Structures are given as C-alpha cells and as structure tokens.
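**Student:** Quick one: structure below, then a few questions.
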Amino acid sequence: MIAIEKLHIGDELEDIQLEPVNRLNLIKYAGASGDYNPIHTIDSEAAKAGLPGIIAHGMWTMGNLAKLFSSYYQEGFIQDYTIRFKGMVFLNDVITLKAELTEKNGSISRFEVKAVNQNGNEVIKGDVFFNTYYD
Amino acid sequence: MFQQHIGKRSKKVKNIVERGAIKKFAEAIGDMHPIFVDEETGRNSRYNRNIAPPTFPRVFDYGTIEGLNLPNKGLIHGEQTYHYERPLLVGEEIICYSEVKNYFEKKGTHGEMGFLVLESFGEDEMGKVVFTSTQTVIITEAVRKVLIG
C-alpha cells in the first residue's frame, strides 16, 4: 500500500470488485441502517414501485465505496465525502469501486470516486477529500 | 409544497456510537476493517480506540421535524454529503439533529420534481460539531400529486 501522500495526480487506488449483489446484503443493510424501505428487500414492493426488481440502498453502495480508504486510517481521515446517486443497483450486479487522485492542496488530497456496474455504467459518483495528519 | 418548512429543526437527540452497531454496520457494507471492529487495533491506532465508518451516521436518530411529513415511498435519494472534523470514536456520545435546509422545484423529464435538502448535525458533549451531512431527496410528480391530494 502506497501512502496517499506519495500519490501523484492521476494515480488510482487499487480497485475493489464486490461479489455479485445478493438479497442478504440488502437485508443486512436494512437492519444495520434502519432503512426498511421495502423496495430494497421485497420483490412485490419493488414491482409496485414500477421497478424490475429490488434495488440496493444508495447508501449501501456509498458505504461500500468508502472502504477504498479504510486502510489509510493512520495517515488521515475522510474529511468530505460527496456522492450523486446516478443509477440503480440490482441483484446480481457486479460493482467495482474506484478512486483516482485529481487534486492536491496542502493536507487535502481530492479523489474522484465512483462505483460502476458490470456494463461500465456509473451507479454512484462523487469526491472524497482525504485530510492527511501532519503531527 | 415544502417551502414553509425551510429553516425548521428537530429537537436534539442523544446518540451513542455503539460498538455493536458499528460491527453490524461494517459487516453490512462489507468493510470489517480491524480499525472499526478489533479493539487491539483501535488501542494501537492514533485514535486509541476504534472508529466508525464515514457513512455510519445513517444509523443515528436525528429526531423529527415538526410538520414535515415525508411519504415513506416514492422518494429518490439524489445526493448525499458528509463533512467531518474528525472520525467518530467508538463509545462516544453524539448529539444529533436535522434541519430543512432548502426546497425547490424543477421541471425534469418526469414532470415537475421537488428537491428537499435536509442538513444533519452531530455534536460532541461540549457542543462542538463533529460532522454534518446533507441529503437531497427528490420528490417525483406522482408522489407530489398524492401529497397535494
């Protein structure tokens, strides 16, 4: 693992590819987060909402994406994390998590972060501003 | 439709950053990193204890904003932001509340849509803000029609 401080503009953190999304992932997230909106867990409710199937909580994907930075806890912390939810995540989708360094300003390293599905479509996209400790 | 709620705040609610809740949350997002769940790793870290994942504040209770009745169906989560002064520490007490930051309407491909921006706050016991978050909720025309009746 290369220190974030040593990265150059355009460098990427190592991608993480998730296991295909399954129903238990979403049931667990519903329980852990308290978001029991049934379009995320119950087929008939998703159908009623006009969806072809249950969809992942946007916050499940956003939560997953942040793990690209978990190993850097000694070096700094995520100061800002902003996300736009762009597309839906369905069961069996294979999501890949990506981060690319786009800007450095003092202790702040800005990364463009996104989760893309197996068809190459961005499902969420945004920025992480990682603040490095200097002490 | 929600303009009259702009500026309204919920009452503050005391929350605890619970070890068990962190573990359950970390497992749910597939991030069982030892800095979140292993006590020894926490003790040996610069924080001297475990920390919570950045999207963990999703689990907190922010209280209710009086008069703001959002339907529990048909809403689209459009955007989400978090801002931290420092990571959340296991076991600490965080006082949470939220506020209606903005509401506006725009014509889109699916008709007139409403955008509701909620800002949430987490303060430490001294009243110092540890994190803020904003959530933009999109209210589709179909749902707006139901609400207007």
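**Student:** Being touching a residue at least 60 places away in the same chain (Cβ under 8 Å), touching a strand residue (DSSP E or B) at 6+ places or on another chain (Cβ under 7 Å), of a type in the set (Val, Ile, Thr) and surrounded by fewer than 16 Cβ atoms within 10 Å (Cβ to Cβ) is the requirement here; does A:THR96 meet it?
**Tutor:** Criteria met by A:THR96.
**Student:** Need pairs with beta-carbon distance below 8 Å; first residue more than 7 Å from every other protein chain (Cβ to nearest Cβ) and within region B:71-86, second among the basic types (Lys, Arg); sequence gap 6+ or separate chains.
**Tutor:** Filtered contacts from region B:71-86: B:GLU85/B:LYS128.
**Student:** For region A:77-94, what are the residues that are more than 10 Å from chain B (Cβ to nearest Cβ) and either over 21 Å from A:ALA46 (Cα atoms) or in contact with a Ser or Thr (Cβ under 7 Å, 6 or more places away or on another chain) (or both)?
**Tutor:** The answer is A:VAL89, and nothing else.
**Student:** Also: Go through (1) more than 11 Å from every other protein chain (Cβ to nearest Cβ); (2) in contact (Cβ under 8 Å) with a residue 60 or more places away in the chain and name the single condition B:ARG49 misses.
**Tutor:** (2)
**Student:** Okay, moving on. Going by the structure shown, is B:PHE56 facing chain A (nearest Cβ under 7 Å) and not aliphatic (A, V, I, L, M)?
**Tutor:** For B:PHE56, the condition - facing chain A (nearest Cβ under 7 Å) and not aliphatic (A, V, I, L, M) - is not met.
**Student:** Additional query: Give the residues of region A:123-134 that are under 11 Å from the mean Cα position of the chain (by Cα) and not hydrophobic (A, V, I, L, M, F, W, C), sorted by residue number.
**Tutor:** Within region A:123-134, A:LYS125, A:GLY126, A:ASP127 meet the criteria.
**Student:** Considering only residues that are out of contact with any Lys or Arg (no Cβ under 8 Å at 6 or more places or on another chain), open to solvent by less than 70 Å² (accessible area, probe 1.4 Å) and not in a helix (DSSP H, G or I), which ones fall in region B:9-52?
**Tutor:** Within region B:9-52, B:SER10, B:VAL13, B:ASN15, B:VAL17, B:ASP38, B:SER45, B:TYR47, B:ILE51, B:ALA52 meet the criteria.
**Student:** When you scan region A:1-116 for helices (runs of 4 or more DSSP H) that lie fully inside it, which ones turn up with 2 or more residues that are within 17 Å of the chain's Cα centre (by Cα)?
**Tutor:** A:23-33, A:58-65
Condition check ((1) open to solvent by 20 Å² or more (accessible area, probe 1.4 Å); (2) in contact with a His (Cβ under 6 Å, 6 or more places away or on another chain); (3) more than 7 Å from chain B (Cβ to nearest Cβ)) across all residues:
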| residue | (1), (2), (3) |
| --- | --- |
| A:VAL21 | no, no, yes |
| A:LYS28 | yes, no, no |
| A:SER33 | no, no, no |
| A:ALA47 | yes, no, yes |
| A:GLY50 | yes, no, yes |
| A:MET62 | no, no, no |
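**Student:** Still on this model: Which condition does A:GLN17 not pass, out of (1) within 20 Å of B:ALA26 (Cα to Cα); (2) more than 7 Å from chain B (Cβ to nearest Cβ); (3) open to solvent by less than 20 Å² (accessible area, probe 1.4 Å), if it passes all the others?
**Tutor:** The one condition A:GLN17 does not meet is (3).
**Student:** So, one more: Is it fair to say B:GLY7 is at positive phi and either at pLDDT 95 or above or more than 17 Å from the chain's Cα centre (by Cα) (or both)?
**Tutor:** When the stated conditions are applied, B:GLY7 passes them.
**Student:** Of everything in region A:64-74, what is open to solvent by less than 40 Å² (accessible area, probe 1.4 Å) and of a type outside the set (A, V, I, L, M)? Give them in sequence order.
**Tutor:** Hits for region A:64-74 are A:ASN64, A:LYS67, A:PHE69, A:SER70, A:TYR72.
The values are calculated or read from the model by the stated rules, or taken from the named source; none is laboratory data. These figures come from a predicted structure and were not determined experimentally. Cβ atoms come from the backbone with ideal geometry, glycine included; neighbour counts cover every protein chain shown. In case anyone asks, the SASA skips ligands and DNA or RNA and just uses the protein heavy atoms, side chains included. Shrake-Rupley method; radii C 1.70, N 1.55, O 1.52, S 1.80 Å.
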